[in-house]
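Engineer: Starting off with a structure, shown below.
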Amino acid sequence: MPERCYIVGAGDFDGRYFCPKPGDLVIAADGGYNHLARLGVRPDIVLGDFDSLGYVPRHECIVRHPVRKNDTDLGLAVREGLARGARFFGLFGATGGTRLDHTLAAVQTLCGLRRRGAHGYLCGGGQVVTVLHREALAFDAGCRGYVSVLCAGARAAGVFIRGLSYELENAVLTLDMPLGVSNEFTGRPAEVGVRSGWLAVLYQGSPEQMHFKEETP
């Protein structure tokens, strides 16, 4: 069974940081099929209601859903990846354009992944978004750019930020105060974590620069 799953949706996609390896599962979510075709990548699965693509492509593994449904194409693709055994997800083509609702839905999909015991990140526009739950995220030395750490639930407690320009220790973040926005890498190794609740981490850089680590509550 594949450990990693890469999903490409119909949103903004420039191919940056999209680097599946042999054995990884690649899913085209509706219009994401066109993005992959431009890269010369043939997905393992093509899934969706095909409203954004406009047609059903010829492919040996088509998973078709009705337009009237209770999940996004991205969310359905995540469910497909989970059912096939993937535990780590890279989500592409799920940001940008005029559909801010789809971008927010993609962040919620990251929360759903984490709740199911899997990890994932959302990649677009040179930024990476991931969600932490009772764990930490370490960054390599030499990272550059902005980092934002935001509450992704009603309350995030025991939040720590180390090695960034602004540090925190055992802080509480809430939905009504974006205390952790616009921090910066300093060139040193950095670490962000939460001991209780949910935390969204957004940064400029590559997914390869981050490393999940278990944090004792």
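Engineer: Return the pairs, sorted by first residue and then second, in which the second residue is of a type in the set (D, E), the first residue lies in the range 85-112 and is under 26 Å from K213 (Cα atoms), the beta carbons are less than 7 Å apart, and the residues are 6+ apart or on different chains.
Structural biologist: A86/E3; R87/E3; F88/E3
Engineer: Moving to a separate point now. Could you check how many residues of the range 115-129 are free of Cβ contacts under 8 Å to residues at least 40 places away in the same chain and in contact with a strand residue (DSSP E or B) (Cβ under 8 Å, 6 or more places away or on another chain)?
Structural biologist: Going through the range 115-129 one residue at a time, the tally reaches 3.
Engineer: Just checking, which of A141, A157 is more than 25 Å from L82 (Cβ to Cβ), in contact with a Lys or Arg (Cβ under 9 Å, 6 or more places away or on another chain) and assigned to a loop (DSSP other than H, G, I, E, B)?
Structural biologist: Within the list A141, A157, the selection yields A141.
Engineer: Something else now. Give P22, P43 a once-over and let me know the one that is assigned to a loop (DSSP other than H, G, I, E, B), touching a residue at least 12 places away in the same chain (Cβ under 8 Å) and over 17 Å from P207 (Cα atoms).
Structural biologist: Only one candidate qualifies: P43.
Engineer: Residue under question is G9, and the condition is that it be surrounded by fewer than 16 Cβ atoms within 10 Å (Cβ to Cβ) and either in the same structural domain as R116 (by TED's automatic domain parsing) or without any contact (Cβ under 8 Å) to a residue 12 or more places away in the chain (or both); does it hold?
Structural biologist: No.
Engineer: Conditions: (1) under 24 Å from G93 (Cβ atoms); (2) part of a strand (DSSP E or B); (3) not hydrophobic (A, V, I, L, M, F, W, C). G193 meets all but one. Number of the miss?
Structural biologist: Of the numbered conditions (1) under 24 Å from G93 (Cβ atoms); (2) part of a strand (DSSP E or B); (3) not hydrophobic (A, V, I, L, M, F, W, C), the odd one out for G193 is (1).
Engineer: When the residues of the range 178-189 are narrowed to those that are over 16 Å from A141 (Cα atoms) and touching a residue at least 12 places away in the same chain (Cβ under 8 Å), which ends up surrounded by the most Cβ atoms within 10 Å (Cβ to Cβ)?
Structural biologist: G180
Engineer: Residue by residue through the range 159-176, note down the ones that are out of contact with any Phe, Trp or Tyr (no Cβ under 7 Å at 6 or more places or on another chain) and buried (at least 17 other Cβ atoms within 10 Å of the Cβ).
Structural biologist: V159, F160, I161, G163, L173
Engineer: Residues in the range 164-175: is at least one assigned to a loop (DSSP other than H, G, I, E, B), within 23 Å of L91 (Cβ to Cβ), in contact (Cβ under 8 Å) with a residue 40 or more places away in the chain and not assigned by TED's automatic domain parsing to the domain that holds A94?
Structural biologist: no
Engineer: Still on this structure, I have one more. If you take the residues of the range 48-106 that are part of a loop (DSSP other than H, G, I, E, B) and among the small types (G, A, S), which of them is nearest to R38 (Cα to Cα)?
Structural biologist: G93
Engineer: Given (1) under 24 Å from E208 (Cα atoms); (2) outside any strand (DSSP E or B), where does Y121 come up short, assuming only one miss?
Structural biologist: (2)
The values are calculated or read from the model by the stated rules, or taken from the named source; none is laboratory data. Computed from a predicted structure; not experimentally measured. Here the Cβ is made from the backbone with ideal geometry for all residues, glycine too, and neighbour counts use every protein chain on show.
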